[in-house]
Amino acid sequence: MSTLIPQTMGQQMGRRSWAEPWKIKMVEPIRMMDRRGREQALADAGYNTFLLRSQDVYIDLLTDSGTSAMSDRQWAGMMLGDEAYAGSQNFYHLEETIQQYYGYRYVVPTHQGRGAEHLISQAVIKPGMVIPGNMYFTTTRLHQELAGGRFVDVIIDEAHDPTSQHPFKGNIDLNKLQAVIDEVGAAQIPYVSLAGTVNMAGGQPVSMANVRDLRALCDKHNLRIYLDATRMVENCFFIQEREAGYADKPIATILREFCGYTDGAWMSAKKDSLVNIGGWLAINQADVFDVVRNLVVVYEGLHTYGGLAGRDMEALAIGIAESVQDEHVRSRIGQVRYLGELLTDWCVPIVQPVGGHAIFLDAKRFYPHLAQDLLPAQTLAAELYLDSGVRGMERGIVSAGRDPQTGSHRYPALELTRLTIPRRVYTQAHMDVVAESVKAVYEARDQVRGLTMVYEPEYLRFFQARFAPIY
Ligand SMILES: Cc1ncc(COP(=O)(O)O)c(C=O)c1O
């Protein structure tokens, strides 16, 4: 008989164990296909995890977007859908909730985040304008470009270094921003594009001090700040944890303060807000609101539903209130961190510090023998699926796309494979299976040869591109 005394994971990690602030009352079966089946499914999907059928996936870490489990309260709210074409009660509930928690004056619902990105870009960007921001996001930048603008990255240098332990790698470098203002002039800048947390940097937060200083600089030049609030609640957790003076403040209070330094926000409610569909644009200036309220009728639907059913708006209003509860955010980020701690302890290269919504495997260090043209992050996502049916996604050269001016590939400093954790969906046991699979793929890294792109769509190519293995 073994003389070892069994230990819980918490004990092994030298801390008391914690648990999620909910219990499960409905389950959805999942299954792991055998290796032959996975090889076939991946080949059929052109080695792009976006093209896999979800029934062929075991643990789905493709995205945290629209993949949350809703609460019993949210499902009950769905039954209260007021499906009137105009003036639905659920819209007014949603509007009040956004005003209460995010603090903006005017609200327009949209079907999801990119609907809101489209509206704000069309409303305020004129051809030739420049939009500085803290690292690009795929859909955000595309809408800025389609409106005739040019995105300029003004994030701090540490954000591009996956090993930097900077606590707020999402911060804007105010000197870089000042240089852009000096070069093009404030009149050519429709707004500063601020995201919290920064998805492409690894879910990294922006500090309150940084947004405060940004406000002061923008006031000097009469510039507006629009916030990508998609994961702003998670950003607030990091402020509470890391920034002096915020440890005793609730997430909800921190959120109101942060948004108060900005002029408006767009939101993919499919993330923080715990719904499967939805988004919004909220703004303080009546003149911009007038424009977007008119545009929404063209592209999304009437301004009191914006492409959403009444029931969706109700679930969203309830989800927002649940999303800012401290114990919810702590356990959500705690689960991401748990996976990150296992991989860090096993010396698997990941972006540090672990961010809010995902673990980002550092494909450049994972596969140092693969040049970026051999698509290391895309390859790693494919290898992980082959090993265990775990689905992640590429955030590297494929996601970065081509420069619209030169037509050449962009070569981002970060070449990452994202394992995104849906909210309130998986257990610690699922995280253990994922960690062991990543470790197995890491141990077999020398045999891997890379992929080549064989089909490339024009827009947001990572969603639909097809690849073939290099032998
Ligand atoms: C930071 C960020 N902004 C905007 C979006 C776009 O939102 P949606 O997918 O709802 O259109 C996303 C979605 O992944 C995102 O992560």
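The values are calculated or read from the model by the stated rules, or taken from the named source; none is laboratory data. All values reported here derive from a predicted model rather than from experimental measurement. Neighbour counts run over all protein chains shown; Cβ positions are idealised from the backbone, glycine included. All accessible areas refer to the heavy atoms of the entire protein, side chains included, with ligands and DNA or RNA removed. Shrake-Rupley method; radii C 1.70, N 1.55, O 1.52, S 1.80 Å.
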> Put +1 on the Cβ of each Lys and Arg and -1 on the Cβ of each Asp and Glu in the chain; which of 320, 302, 421 then has its Cα farthest toward the positive end of the dipole?
Replying inline: 421
> Label 7 Å along Cα→Cβ of residue 8; segment 334-377 residues with amide nitrogen under 18 Å?
Replying inline: 334-339, 342
> Where does the chain land at 222 nm, in deg cm²/dmol rounded to the nearest 500, when only DSSP H runs of n ≥ 4 count, each adding -39500 (n - 2.57), divided by all residues?
Replying inline: -12000 deg cm²/dmol
> For helix 286-299, what angle does its Cα long axis make with the longest principal axis of the chain, in degrees from 0 to 90 and rounded to 10?
Replying inline: 60 degrees
>> Over the Cα atoms, compute the radius of gyration (one decimal) and Dmax (the largest Cα-Cα distance, rounded to a whole number) for the chain, in Å.
In response: 21.9, 76
> Can you give the % of DSSP beta bridges in the chain that are antiparallel, to the nearest 5?
Replying inline: 65 percent
>> Given a 1.4 angstrom probe, what's the average accessible area per residue across segment 164-265, in square angstrom?
In response: 33 Å²
> What length, rounded to one decimal in nm, is gained on full extension from residue 241 through to residue 455, with 0.36 nm per residue of separation minus their alpha-carbon distance?
Replying inline: 72.6 nm
>> Give me the extension gain from residue 213 to residue 40: residue separation times 0.36 nm, minus the current Cα-Cα distance, reported in nm with one decimal.
In response: 57.0 nm
> Based on Cβ point charges of +1 for Lys and Arg and -1 for Asp and Glu, what charge dipole magnitude is obtained for segment 361-454 about its Cα centre, in debye rounded to the nearest 20?
Replying inline: 340 debye
> To the nearest 10 degrees, how steeply does helix 35-44 sit against the main Cα axis of the chain, on a 0 to 90 scale?
Replying inline: 40 degrees
>> Contact order normalised by length for the chain, with contacts defined as Cα pairs under 8 Å and 6 or more residues apart; what percent is it?
In response: 23 percent
> What is the helix-to-structure angle for 208-221, meaning the angle in degrees between its Cα long axis and the longest Cα principal axis of the chain, kept from 0 to 90 and rounded to the nearest 10?
Replying inline: 40 degrees
>> Given R₀ = 51 Å, what would the calculated FRET efficiency be for residue 83 paired with residue 466, taking r from the Cβ atoms and rounding to 0.05?
In response: 0.80
> Which aspartates and glutamates have a Cα less than 12 Å from the Cα of residue 270, not counting those fewer than 8 places away in the same chain?
Replying inline: 64, 312
>> What is the distance in Å between the Cα centroid of segment 299-317 and that of segment 1-64?
In response: 33 Å
>> Where in the chain is the longest stretch that carries no GluC sites (Glu not before Pro) classed as loop by DSSP and with at most 10 other Cβ atoms within 10 Å?
In response: 84-457
>> Going Cα to Cα from residue 169, which lysines come in below 23 Å? Please leave out same-chain ones fewer than 8 positions away.
In response: 249, 271, 364
> What number, in nm² with one decimal, is the all-direction average of the projected area of the convex hull of the alpha-carbon atoms of segment 314-387?
Replying inline: 7.1 nm²
> Given R₀ = 51 Å, FRET efficiency for residue 165-residue 30 by Cβ-Cβ distance, to 0.05?
Replying inline: 0.90
> Over the chain, what percent of the accessible surface lies on carbon and sulfur atoms, probe 1.4 Å?
Replying inline: 51 percent
> Want the number for residue 22 to residue 346: 0.36 nm per residue separation, take away the alpha-carbon distance, what's left?
Replying inline: 113.6 nm
